[in-house]
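What follows is a short report on a single structure.
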Amino acid sequence: MSMQNKNPLYDLALRVSEAGPDDLAFDGLRVLQHPERFRKFLMGKGLDIEPVTLQIWPSLSCNVRCPTCPFRLTDAKAQADNDENLHLMPLPLFRKILKSIKRGDVKSVLLTGGGEPLMNPDIGIMAEELHSSGLDWGGFTNGLALTTDIAERLLRAKPGMFRVSLDAGDPSLYKKIYAAESDIFELVKSNIIAAGKIASKLGYKWFGIGFALIPNVTDTELVNIRNTFIDLVEQSNFGMNFASFRPRVVHHNNGKVVIPQKWSGQYHNLAIRVRELIVLPMESKYREAVRLDHKFGAFADCDRDVSPTGGWGHVWNPTLDHRGLGSIISHLAGSSNNPSIWDGVAEGKDFWESWKSDKRKKVLRQILEGEIKLPVANGARAVDAFLEEVRSIFPEWLDEAGADKVMDGIESWDFHRSSRPNFVG
Ligand code: SF4
């Protein structure tokens, strides 16, 4: 222990653990649970790290038209929103990606969007093939198409996490966010209850809902969220048993990062309100029976008036859009003028060849040097925050002996360990 106390990396890991989710870097601590990769980072080989989590878009098409959908505010969905065709990832392309990444050390896949993943009729097959391949996988949906059949099929494929974005506790707020009528809000709630009952029957523990919130949400709307959450937990026999709270922002508009945010200066206060009106009452009511993932530090970070720095974290969780094109910045995926694009597996490219290409590394360097700006609340923000703290204590890259020394005994260090380290971002 005395050696560890003299080790600045150990001290940092403990300090961030003690701060908990109030510290933006807390979620980034999980990079220490991938010691081989982290060692490469310490030695200045961070660009060569293989992704831990790959985000894949099964569909660009969506069954709603949220006014502030990040992929509508770029032009990624311009065509998909305006024609009758479904813009989906074909199953052969998905299988090609799966086969490629299995040749490396990717740990998990997140089925996300882009658009609504459940619009892809092959989503059940994709989930089953991910599960049988031995990869961890997780997914997100807006819940409109979450029928009992598809819910059962997906949950039987044992996702490490499966979450419905609800974002509101009453029809009026739901309408503002999803531009959908109140019967849609009721439909999504009933889908969550039905899917939660299936999760309960299967003994599945990781089915939850998500709330992305803007500071102009009222206290009444927050209380409505709390009451809706209680209702859904209890009606689903605790099959739906976790909720995530994160900041809602506009990442890009007209091709530029949005800094400062319209509600900059009020996100930290919103985090406090979420804690007081939802998290603390829920913890006191349910104790360990429900889980609440309150990204407190991520809220406060949205008050910034300069673009976030970093970029190393984007190596850990890149995105492939429905065509297999790679994007370093997930919120720019699919857009026509995406400066962070790389080849991915599109047009016959092999994933690992593409990953090792100069093109991908060049884009990363441009991000690291600030030539390509990062949006607030980007998907790698927590990892970046932690890695930047690491850089501040080791401004020079370490050699092998130096890396070995600071990581000596890391497997037994008593920092906070994520129960799902294979999901990064
Ligand atoms: S549900 Fe998601 S993908 Fe669909 S429009 Fe809304 S934000 Fe975009």
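The values are calculated or read from the model by the stated rules, or taken from the named source; none is laboratory data. All figures in this text were calculated on a predicted structure; none of them were measured in a lab. FYI the Cβ positions are ideal-geometry reconstructions off the backbone, even for glycines, and counts take in every protein chain you see. Just the protein is used for accessible areas: all its heavy atoms, side chains included, with ligands, DNA and RNA removed. Shrake-Rupley method; radii C 1.70, N 1.55, O 1.52, S 1.80 Å.
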Please give the net charge around residue 81, taking every other residue with its beta carbon less than 13 angstrom from that of residue 81, where Lys and Arg add +1 and Asp and Glu add -1. -1
Virtual spin-label span in nm between residue 183 and residue 399, 7 Å along Cα→Cβ: 7.2
Please tell me which of these pairs span more than 25 angstrom C-alpha to C-alpha: 295/362; 107/373; 99/295; 96/158; 256/361; 107/256? 295/362; 107/373; 99/295; 107/256
Counting only protein heavy atoms and using a 1.4 Å probe, what share of the accessible area of the range 33-132 belongs to carbon plus sulfur, as a whole percent? 50
Assigning unit charges at the beta carbon (Lys, Arg +1; Asp, Glu -1) and nothing else, what dipole magnitude in debye, to the nearest 20, does the range 10-63 show about its Cα centre? 240
Looking at the square roots a ≥ b ≥ c of the eigenvalues of the Cα gyration tensor of the range 357-425, which shape do they give, rounded for a/c under 1.5, prolate if a/b is larger than b/c, or oblate? oblate
Label points 7 Å out from Cα along the Cβ direction at residue 347 and residue 45: separation in nm? 3.1
Please compute, over every Cα-Cα pair in the chain, the percentage with a separation greater than 29 angstrom. 44
Determine how many Å³ per residue the convex hull of the Cα atoms of the range 226-268 encloses. 111
When a/c reaches 1.5 or more, the comparison of a/b and b/c decides; with that in mind, is the range 187-332 rounded, prolate or oblate per its Cα gyration tensor? oblate
Residue 275 accessible area, nearest 10 Å², 1.4 Å probe? 70
In Å and whole numbers, how far do the C-alpha atoms of the range 311-425 stretch along each principal axis, longest first? 45, 31, 30
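How much of the calculated P(r) for the range 1-149 lies past 19 Å, in percent of all Cα pairs?
Values: 7147 of 11026 pairs.
That tail contains 65 percent of the Cα-Cα pairs.
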Assuming 0.36 nm per residue, please report the length gained on full extension of the stretch residue 227 to residue 68 beyond their Cα-Cα distance. 54.7 nm
Before I look further, what does the chain give for accessible area per residue, probe 1.4 Å, in whole square angstrom? 41
C-alpha center-to-center spacing [the range 265-283, the range 90-111] in angstrom: 38
What's the ranking of 345-356, 143-154, 232-243 by average number of surrounding C-beta atoms within 10 Å, highest first? 232-243, 143-154, 345-356
Per principal axis, descending, Cα span of the range 247-378 in whole Å: 53, 35, 22
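Determine the share of the range 332-392's accessible area contributed by carbon and sulfur atoms, expressed in whole percent, with a 1.4 angstrom probe.
45
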Between residue 84 and residue 170, what is the spin-label point distance in nm, taking each point 7 Å from the Cα along the Cα→C-beta axis? 4.1
Would any residue of the range 49-64 have its amide N under 16 Å from a label point 7 Å out along Cα→Cβ of residue 293? List them or say none. 52-56
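From the C-alpha coordinates alone, can you work out the Kirkwood hydrodynamic radius of the range 75-154, in Å?
So the Kirkwood estimate lands at 13.7 Å.
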What's the local net charge at residue 72, with K and R +1, D and E -1, over the other residues with C-beta under 12 Å away? 0
Protection proxy (average C-beta count within 10 Å per residue), highest first, orders 169-181, 376-388 as 376-388, 169-181
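Please report the antiparallel percentage of the DSSP beta bridges confined to the chain, to the nearest 5.
20
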So if I take the alpha carbon set of the range 70-219, get Rg, then get Rh from the Kirkwood formula, what is the Rg over Rh ratio? 0.98
